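The values are calculated or read from the model by the stated rules, or taken from the named source; none is laboratory data. Note that this is a predicted model, so its numbers are computed, not measured. Every residue, glycine among them, receives a Cβ derived from its backbone with ideal geometry; neighbour counts consider all protein chains shown. Heavy atoms of the whole protein, side chains included, go into the accessibility calculation; ligands, DNA and RNA do not. Shrake-Rupley method; radii C 1.70, N 1.55, O 1.52, S 1.80 Å.
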Amino acid sequence: MDIFARITAVAVAAGFLAACGTADIANMSVKGGDFNKGLRDGYVKLANSEYDQTDLSSGDDFSSRAKMAAMGKASAPEGISSRKLVPPHKAQLISARARLVSALGKGAAKVIPGQAAKAQTSFDCWMEQAEENIQPKDIAACRKQFNDAMKQVEAALAPKKKAKKKKKKAPQTTRYVVYFDFNSSKLNKAGRNAVDFIVGEVKKKAKITVTGYADRAGNEDYNSILATKRANAVVAAFDKAGLKNPLSVAVFGEKSPAVKTGDGKRERLNRRVEVHVTQ
């Protein structure tokens with residue numbers, strides 16, 4: 001057997017033995033939860049890849065990391081100073097490691113363990129490939145895996161925006177006035193227009209109060225009766241218009257005048273029905 005054949009045979013044998021070692025690690029029970037399991041599986045995959053390329057040193061390093069993770073003693077992301085890196089890889093990896101360490105510090109291993117582990121193993125893969133700097137496609141693949149995993153990690157850690165509770169508007173009461181002719185409980189043209197306007201303003205769930213008034217031209221009992229008729233005339237107009245809102249009626253007669261007058265005096269502004277709409 002010539003020297004080249006012997007070297008090849010040794011390399012193949014070493015790779016086979018190494019693969020057997022990672023198989024044992026892959027079957028180990030994992031302590032420490034899903035993050036450690038993700039690290040174990042990720043580092044085993046990296047180790048096997050390196051062994052397949054006969055890079056025993058890198059394979060052994062990843063195997064050791066996989067075993068430590070399985071034992072519940074996960075290692076931190078590889079330090080920048082541990083590799084001889086050249087531009088532009090070094091600057092990119094410094095930034096990437098800062099992102100990863102920040103996310104792990106915020107609890108990524110618990111919040112989103114699978115992707116956090118993938119981000120770390122992809123980062124270490126990127127470090128190893130960047131130091132070799134001979135396989136651009138492999139460097140790009142590790143970098144992409146890292147960035148894809150980090151996007152999910154950072155999204156999971158982002159503070160959730162609390163939905164703003166809409167403040168319920170306090171009910172607003174609007175006052176409308178329907179005026180009547182002297183000694184009359186019939187709606188004149190202006191009164192009918194006022195009723196039509198009110199109907200157009202009222203919403204479905206609005207509450208309506210109709211209050212009848214009179215001036216002081218007659219006696220108090222008569223004015224109370226007249227004020228009642230005026231209130232009923234407005235209610236009847238609402239019914240005719242199809243208004244079905246909750247409605248209450250009150251009568252004040254000559255009490256609570258809009259304009260204070262002496263007894264027996266006519267006052268147009270006091271001959272009225274007030275409609276209060278709350279909505």
Checked the stretch 89-108 for anything basic (Lys, Arg) and either open to solvent by less than 70 Å² (accessible area, probe 1.4 Å) or touching a Phe, Trp or Tyr at 6+ places or on another chain (Cβ under 7 Å) (or both); matches are Arg97
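For the stretch 40-71, enumerate the residues that are farther than 23 Å from Gly114 by Cβ, charged (D, E, K, R) and open to solvent by less than 60 Å² (accessible area, probe 1.4 Å). Show your work before the answer.
Applying the first criterion (farther than 23 Å from Gly114 by Cβ) to the stretch 40-71 yields 51-60.
From the residues that got through so far, the ones that are charged (D, E, K, R) too are 52, 55, 60.
Asp55 - this is the single residue of the stretch 40-71 that is farther than 23 Å from Gly114 by Cβ, charged (D, E, K, R) and open to solvent by less than 60 Å² (accessible area, probe 1.4 Å).
Give the residue, chosen from Asp263, Asp221, Asp239, that is among the charged types (D, E, K, R) and either in contact with a Leu (Cβ under 7 Å, 6 or more places away or on another chain) or under 17 Å from Gly191 (Cα atoms) (or both). Explain how you work it out, then say what you get.
Numbers: Asp263 fails: either in contact with a Leu (Cβ under 7 Å, 6 or more places away or on another chain) or under 17 Å from Gly191 (Cα atoms) (or both); Asp221 fails: either in contact with a Leu (Cβ under 7 Å, 6 or more places away or on another chain) or under 17 Å from Gly191 (Cα atoms) (or both).
Just a single option satisfies the conditions, and that option is Asp239.
Report those strands (runs of 3 or more DSSP E) wholly inside the stretch 166-279 carrying at least 2 residues which are in contact with a Ser or Thr (Cβ under 7 Å, 6 or more places away or on another chain) and in contact (Cβ under 8 Å) with a residue 12 or more places away in the chain. First the steps, then the outcome.
Values: elements: 173-179, 207-213, 247-253, 272-278.
Where strands (runs of 3 or more DSSP E) fall fully within the stretch 166-279 and carry at least 2 residues being in contact with a Ser or Thr (Cβ under 7 Å, 6 or more places away or on another chain) and in contact (Cβ under 8 Å) with a residue 12 or more places away in the chain, they are 207-213, 247-253, 272-278.
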Count of the stretch 187-226 residues which are closer than 26 Å to Lys255 by Cβ, within 58 Å of the chain's Cα centre (by Cα) and of a type in the set (Lys, Arg)
1
Quick check: anything in the stretch 52-65 in contact with an Asp or Glu (Cβ under 7 Å, 6 or more places away or on another chain), modelled with pLDDT of 95 or more and under 19 Å from Ala108 (Cα atoms)?
no
Residues located in the stretch 192-229, provided they are surrounded by 14 or more Cβ atoms within 10 Å (Cβ to Cβ), touching a helix residue (DSSP H, G or I) at 6+ places or on another chain (Cβ under 8 Å) and not aliphatic (A, V, I, L, M):
Thr211, Gly212, Tyr213, Asp215, Arg216, Gly218
In the stretch 157-186, what residues are more than 52 Å from the chain's Cα centre (by Cα) and buried (at least 16 other Cβ atoms within 10 Å of the Cβ)?
Tyr179, Phe180, Ser185
